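The values are calculated or read from the model by the stated rules, or taken from the named source; none is laboratory data. Computed from a predicted model, the values in this text were never measured in an experiment. Cβ placement follows ideal geometry from the backbone for every residue including glycine, while neighbour counts extend to all protein chains displayed.
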Amino acid sequence: MALTTATSTKTSSTGESVSTKSPRAWLQQALPKIVLAPSFAITVIFVYGFIIWTIYLSFTNSKAFPNYVLTGSRAYQRLWRWTFESDPPSSWYTSITNMGIFGVLYVVICLALGLFLAILLDQKIRGEGILRPIYLYPMALSFIVTGVAWKWFLDPGLGLEQTLHQWGWTSFHFDWIKNKDFVIYTVVIAGVWQASGFVMAMFLAGLRGIDSEIMKAAQIDGASTLQLYRRIIIPLLRPVFLSAFIVLAHMAIKSYDLVVALTSGGPGGSAWLPSNFMYEYTFKRNEMAVGSASAVIMLMTISAIIVPYLYSELREKNK
Amino acid sequence: MRKLFMATAFLAASALTAHADDVKEVQMLHWWTSGGEAAALNVLKQDLAKEGYAWKDVPVAGGGGDAAMTALKAMVAAGNYPTASQMLGYTVLDYAAAGKMGDLTETAIAEGWDKAVPAALQKFAVYDGKWVAAPVNVHSVNWLWINKAVMDKIGGTEPKTFDEFIALLDKAKAAGVTPLALGGQNWQEATMFDSVVLSTGGPEFYKKAFNELDEESLKSDTMKKSFDNLAKLKEYVDPNFSGRDWNLATAMVIKGDALVQVMGDWAKGEFKAANKVPGTDFLCYRFPGTDGSVIYNSDMFGMFDVPADQKAAQIALAKATLSKSFQSAFNVVKGSVPARTDVPDTDFDACGKKGIADLKAANDGGTLFGSLAQGYGAPPAVANAYKDVVSKFVHGQITTSEEAVNQLVQAIDDAK
């Protein structure tokens, strides 16, 4: 309440012709600001305020509870050392390599598969109305549901392998979910299954938005279908790529729940992502400083990727 | 407007006067929600109801202890203490060190807890000379749970040494049964490794390595040999063990798909829920080579520093928790043994009687040790570092026992 009044008095003092305007006009002018003020304050405190708080905690010696005495960068030194401990892999090393594998494969496969499905669906086929929701439907499920379903499906003693053994194909062997070297790829499989339909819908919308005159012109000029897509349509879909990339990248980085539901951390913690690492250290191991430091490193990594990309894309648009 | 103001003032005043009397309610945070556990806790609810205290569960989503601890942390950070919370080991001491716990010393002395509760447990229930928690039970970890029908079929007898245990597992393997039911989650692997270390190195070694975190012991050849023994046990696990929940592993033994599980005595609750009788359907032995020692963990009710008007309820809860009748009734259902050594064992089954006798003997003989895997050997950071190393060894990220020992020393050093 106090915040909204503060904001509204501020707007009234900056508006020059307040006294001459009717209250109604004043309200009309100030209303958007009043309405936005609470959410603005909440964002400032709970997003940016807590980012700063996390950065502060990462330089303390906080264990189970926050401790506000600054003790230097010991947490970062430990993470830095763990970054290079590859044999046997430290939990942090596992987490960041998994993030690389998962992030790249998840985004690339989702984009490729989504585009491919969208192009196929765009061929004016019959039954599109049925096919589209079928592909889109997995997106309606939470990561937890996806994780549990795929956990059972991939479990060698319950799912695919067991079923094929019962059908007589006894040499079939697929135990990735139990294998420390491959478990992260099962996370990719489940993640791609869930998100590629959504990416398809984005691309489909993009394809439908392309002016058919351009395509007709290209066809008259003698472009083959392949050329048409490679030279004209896909470049025109560039804004869709940007949106899809941003949606997928943030889903990849925050996919903590999928790892937990699908693998409960994997054999020997081999499926951990940095978010799992952060949660484990902060809340389960009472190493809040190390957890905070890993969160800060995640934030910096994400910023290093997203900010330049956004910057270049948006600047080009402004030109 | 004025009316509204008056009404608000009246409400506030009535709320204040209501608080002037003692609160006749116990707020309890716990994660005992499964059938047997909930039934066991009902005994306590009824005891308190007789004294006029209502019981209120603090709801926790998720069910597991981890979720409950996260919820507790948030509640305490917000200054909204429950009357008591189920807590484990070092968590109690962490909260006590942060000054969040109440003081039950008067009640404890009046009720004679300091004599009845084993000294090893008091280490976690007493902080800085003050009683801050009421222990509910003692679980012990170094048990074998064996399917008797399978045991008879393969003609096995109780293994007394680690080598005999391996021979028994070989027999089961030859008979085409999965010898060892293990759930490949880090705490289960580490819980089993607790027993392996006690068996391989003996009580003194366990104490030095896993309670005192003595670096020489952690680096020693005995520890390497313990890892080698763990590697041997791994040979008897079915290929699909990774990630399995502990109760599913117990179910394998109950159904006769597997011969034996190494697990704490909470596994007995699963056998009982399946209407199995100790001695005729299943057997409980101490882990080979650990007879006479007990590796324990214990559920405690941590008592928070609640406002004065809630103190009476808190004391009533603590008294009821450590009363002999509740200790017996609760632990018969839960599968654990009473947290005080002067409770009669008449209502307990064969395994329970052995557990009570073992606890008393271990307490008298100084061979009652905290389980490192269960968070009673060292603070959570160390315990989790330990679980990491054991799990990585079981799943092959760490390939040799030398490497495992080095990693263990390094990890514990990091976590200290």
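Tabulated data for the structure shown
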| read-out | value |
| --- | --- |
| Any pair with Cβ under 7 angstrom, 6 or more apart, that starts in the stretch A:203-220 at a residue that is surrounded by 14 or more Cβ atoms within 10 Å (Cβ to Cβ) and ends at one that is modelled with pLDDT of 90 or more and of a type in the set (Gly, Ala, Ser) | A:PHE203/A:GLY114; A:PHE203/A:ALA118; A:LEU204/A:ALA118; A:LEU207/A:ALA118 |
| Residue that is within 27 Å of A:MET251 (Cα to Cα), surrounded by fewer than 15 Cβ atoms within 10 Å (Cβ to Cβ), within 13 Å of chain B (Cβ to nearest Cβ) and of a type in the set (D, E, K, R), where the choices are A:ASP155, A:ASP175, A:ASP181 | A:ASP181 |
| Residue check, B:SER217 in contact with a Lys or Arg (Cβ under 6 Å, 6 or more places away or on another chain) and in a helix (DSSP H, G or I) | yes |
| Single residue of the stretch B:64-97 satisfying the filter (free of Cβ contacts under 8 Å to residues at least 12 places away in the same chain and of a type in the set (Gly, Ala, Ser)) that is nearest to the other protein chains (Cβ to nearest Cβ) | B:ALA77 |
| Condition met for A:SER86 (at pLDDT below 90, buried (at least 19 other Cβ atoms within 10 Å of the Cβ) and over 29 Å from B:LYS100 (Cα atoms)) | no |
| Of all residues in the stretch B:265-293 being over 18 Å from the mean Cα position of the chain (by Cα) and of a type in the set (Lys, Arg), the one that is surrounded by the most Cβ atoms within 10 Å (Cβ to Cβ) | B:LYS272 |
| B:GLY365 vs. criteria of a type in the set (Gly, Ala, Ser) and either more than 9 Å from chain A (Cβ to nearest Cβ) or in contact (Cβ under 8 Å) with a residue 60 or more places away in the chain (or both) | yes |
| Within the stretch B:359-403, tally of residues that are farther than 19 Å from B:TYR90 by Cβ and buried (at least 21 other Cβ atoms within 10 Å of the Cβ) | 10 |
| Which numbered condition A:ASN286 fails, given (1) within 13 Å of chain B (Cβ to nearest Cβ); (2) surrounded by fewer than 20 Cβ atoms within 10 Å (Cβ to Cβ) | (2) |
| Residues of the stretch B:330-357 satisfying the condition of being among the charged types (D, E, K, R) and in contact with a Ser or Thr (Cβ under 7 Å, 6 or more places away or on another chain) | B:ASP347 |
| The stretch A:234-246, residues that are assigned to a helix (DSSP H, G or I), in contact (Cβ under 8 Å) with a residue 40 or more places away in the chain and aliphatic (A, V, I, L, M) | A:ILE234, A:LEU242, A:ALA244, A:ILE246 |
| Filter result (more than 17 Å from B:PHE330 (Cα to Cα), β-branched (Val, Ile, Thr) and not in a loop (DSSP other than H, G, I, E, B)) within the stretch B:116-140 | B:VAL126 |
| Selection from the stretch B:240-255 of residues that are farther than 22 Å from A:PHE174 by Cα and either within 10 Å of another protein chain (Cβ to nearest Cβ) or part of a loop (DSSP other than H, G, I, E, B) (or both) | none |
| Meets criteria (surrounded by fewer than 22 Cβ atoms within 10 Å (Cβ to Cβ), more than 13 Å from every other protein chain (Cβ to nearest Cβ), within 30 Å of B:LYS115 (Cβ to Cβ) and touching a residue at least 24 places away in the same chain (Cβ under 8 Å)) for B:LYS319 | yes |
| Which listed residue is touching a strand residue (DSSP E or B) at 6+ places or on another chain (Cβ under 7 Å), within 14 Å of chain B (Cβ to nearest Cβ) and under 29 Å from B:LYS387 (Cβ atoms), from A:TYR76, A:TYR93 | A:TYR93 |
